[in-house]
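A short reminder: the numbers here are calculations on the coordinates, not readings from a lab. In this text the structure is predicted, and so the values were computed from the model without any measurement. Glycine gets a Cβ as well: all are built from the backbone with ideal geometry, and neighbour counts include every protein chain shown.
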Amino acid sequence: MNKEIQKHRFLEGFGVVVIILALIRCAFPGLTSPGTVAETADSLAVDSVVQETQTAQKAKETQESQKPQEAEAQKANEPQKAQNPQKSRDSYEFYEAKSQSATRYVPDGDRYHRILSVPSYSKAFPDSNDLQLTAARYWGVKPVKNRRDAEARKSELVYVGFSPYYYIDPLYSSIPYLTPRAAILLQDIGRAFFDSLQVKGVPLHKFIVTSVLRTEEDVAKLRRHNGNATEKSCHLFGTTFDITYTRYKVVEDPDGPHRRTVRDDSLKYILSEVLNDMRKQKRCYIKYEVKQACFHMTVR
């Protein structure tokens with residue numbers, strides 16, 4: 001009897017549970033449909049990606065919006081730098097403060113142009129007198145006896161006494177004549193030097209030629225006063241000239257008397273760049289002379 005009562009109560013409870021489940025299913029038909037859990041997970045993943053994309057986009061927009069402000073702030077600071085007397089374009093004090101460093105700069109408006117010079121003058125220009133003498137004999141004329149002989153050989157020599165690109169020093173032991181090949185080299189060096197000065201914003205200067213063609217009489221007189229002078233001089237053949245690196249001739253400003261000053265060492269750095277390029281192009285041999293304070297060069 002008790003067993004029948006317990007069975008009856010179990011069936012009643014089971015029926016109630018079934019009815020409740022049926023009502024829940026009718027009220028929420030999609031609750032138990034296949035794929036609901038997977039779709040929910042995919043939805044959450046997509047929402048996460050979208051959120052990350054939106055965050056990245058907002059960060060990018062913020063960064064781009066800050067760039068114009070940073071550029072304006074930089075431009076606002078530039079005039080203050082220009083007003084600094086130590087970095088004035090007119091005084092060149094900024095350049096001179098850097099002149100002993102490996103990397104040198106010359107102010108030019110809002111930009112700076114590097115002056116490389118050469119790492120070592122003796123290593124950059126090592127061509128000996130014997131090497132230059134061989135080239136001089138090959139490309140040059142027969143040695144000129146005296147000035148009268150030079151005047152008679154104008155078909156072989158070119159007068160180089162005047163040029164807009166360089167200055168000829170008063171000559172006491174040579175005369176301003178070169179072979180056409182050497183004259184073109186000298187003119188090209190002068191033009192390249194002017195171009196370098198303009199590109200770097202440096203006031204125009206002419207380099208100074210201190211020695212050109214020597215006659216046999218000149219060599220003989222020079223040897224009486226200068227024990228270092230050689231009888232086998234490259235200057236005898238009209239292929240060789242010397243450019244001093246300690247002095248330069250300023251090109252006057254046509255718009256007024258005011259000139260920006262620049263040290264001779266600064267001009268020497270730029271001239272050495274030009275000569276180094278010419279030598280690398282195999283247009284000449286160059287020897288860095290310490291005692292004579294010049295670049296001694298022969299066309300090739």
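Close amide H contacts of PHE241 (hydrogens built in the peptide plane, cut-off under 5 Å, sequence separation of 5 or more or a different chain): MET297. Placing a pseudo-label 7 Å from each Cα along the Cα-to-Cβ vector at LEU21 and TYR159 gives an inter-label distance of 12.4 nm. ARG300's amide H: which non-local residues (gap 5+, or another chain) put their own amide H closer than 5 Å, with H modeled 1.01 Å from N in plane and none for Pro or chain starts? Here the answer is CYS284, TYR285, since their amide H atoms fall under 5 Å of that of ARG300. Scalar couplings 3J(HN,Hα) for segment 244-252, obtained by applying the Karplus form with A = 6.51, B = -1.76, C = 1.60 to θ = phi - 60°, are 6, 10, 9, 9, 9, 9, 6, 8, 5 Hz; x denotes Gly and Pro. Calculated FRET efficiency, LYS142 to ASP253, Cβ-Cβ distance, R0 = 51 Å: about 0.70 to the nearest 0.05.
If you count, for each residue, the other Cβ atoms within 10 Å and average over each peptide, how do 155-164, 242-251 line up from highest to lowest? Don't skip to the answer; put the middle values down first.
Details: 155-164: 14.1, 242-251: 17.8.
In descending order of packing, they fall as 242-251, 155-164.
Annotation: amide H of VAL250 within the under-5 Å range of LYS206, sequence separation 5 or more or interchain, hydrogens built in the peptide plane.
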